[in-house]
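Contents: one structure, followed by commentary.
No lab work stands behind these numbers, since they all come straight from the coordinates. Note that the structure is predicted; figures quoted are calculated from it, not measured. No Cβ is skipped: glycine too gets one built from the backbone with ideal geometry, and neighbour counts run over all protein chains shown.
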Amino acid sequence: SLEFRLVSADYSQVELRLIAELSGEERMKEAFRLGQDIHATTAARIFSVPLEQVDKSMRNKAKMVNFGIIYGISAFGLSQRLGILRGEAADIISAYVATYPGIRDYLDSQVEFARNHGYVETLMGRRRYLRDIASANHTVRGFAERNAINAPIQGSAADIIKLAMIRIQRAMRQDQMKSCLVLQVHDELVFDAHISELDHVVELAKTHMPAAYPLSIPLEVEVGIGNNWLEAH
């Protein structure tokens, strides 16, 4: 209606921030603390060029590895997605691992933990059991290994946004607001906000979402407002 607007509040790169946190990879954590463009920073490191010389193609390759590494992306997978030769893709992955050794160590340790315990955990201790982690079937085992890597990251992101939702809902009820929280989509919360409360809704999102769980690096939230969901992005 005319009296309401949609407000979209989205965690910025929450999974990458969580892999930096969980792995303790200092170089990646530092980039987030300094508010740097993580994909451009990664590109500068893996292609050994100054930050200002990173072009769109380099950034795009770094972005694909940044997001793909937690899904166990292979040289073949990367070459397919970027339309590059498998050899080049393998070199990019090698350079990435050399740049962020803590991430490779963390991924290996997660698979090892799953093999020893039969499960992995989110930051808040929620478990994902992986009964196929020791399967003799290479494909089945590979699937379980990828789950061992990304379940703690995606699961921790899910835990964090749920905490934020609970706190925001509590605050909205306490303030007897006309606005309401209507939807969660992945790392995003969508509000139906009364126009008299727009600033208040934005403030609640910007207060409770970054502070939902204490991390050593900042969680950032981007907020948009519009007459529909598309406009709010």
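Summing +1 for each Lys or Arg and -1 for each Asp or Glu, what net charge is found among the other residues whose Cβ lies under 15 Å from the Cβ of F4? Don't skip to the end; give the middle numbers.
Working: positive: R5, K178; negative: E3, D192, E197, D199, E231.
With Lys, Arg at +1 and Asp, Glu at -1, the neighbours total -3.
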Cβ crowding within 10 Å averaged over residues, with 177-188, 95-106 ranked highest first
95-106, 177-188
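Any idea what the dipole of the range 1-140 comes to, in debye rounded to 20, about its Cα centre with Lys/Arg Cβ at +1 and Asp/Glu Cβ at -1? Walk me through the intermediate numbers first.
Values: 18 positive and 17 negative charges, 53 e Å.
The calculated dipole for the range 1-140 is roughly 260 debye.
What number, in percent, do you get for the relative contact order of the chain if the mean sequence gap of Cα pairs under 8 Å and at least 6 apart is divided by its residue count? Please report the intermediate quantities before stating the final value.
Working: 322 pairs, mean separation 75.7, N = 233.
Once divided by the residue count of the chain, the mean separation gives 33 percent.
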With the Cα gyration tensor of the range 1-57 giving a ≥ b ≥ c as the square roots of its eigenvalues, does the rule (a/c under 1.5 for rounded; else a/b larger than b/c for prolate; else oblate) give rounded, prolate or oblate?
oblate
If I take every Cα pair under 8 Å that is 6 or more residues apart in the range 157-233, average their sequence separation and divide by the length, what percent do I get for the relative contact order?
25
Mind counting lysine pairs for me in the chain? Cα separation below 26 Å, and the two need to be 8 or more apart along the chain or on different chains.
9
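Just need the relative contact order of the range 83-146 here, percent rounded to a whole number, with Cα pairs under 8 Å and 6+ apart. Mind showing how you got there, number by number?
On the way: 37 pairs, mean separation 10.9, N = 64.
Relative contact order comes out at 17 percent.
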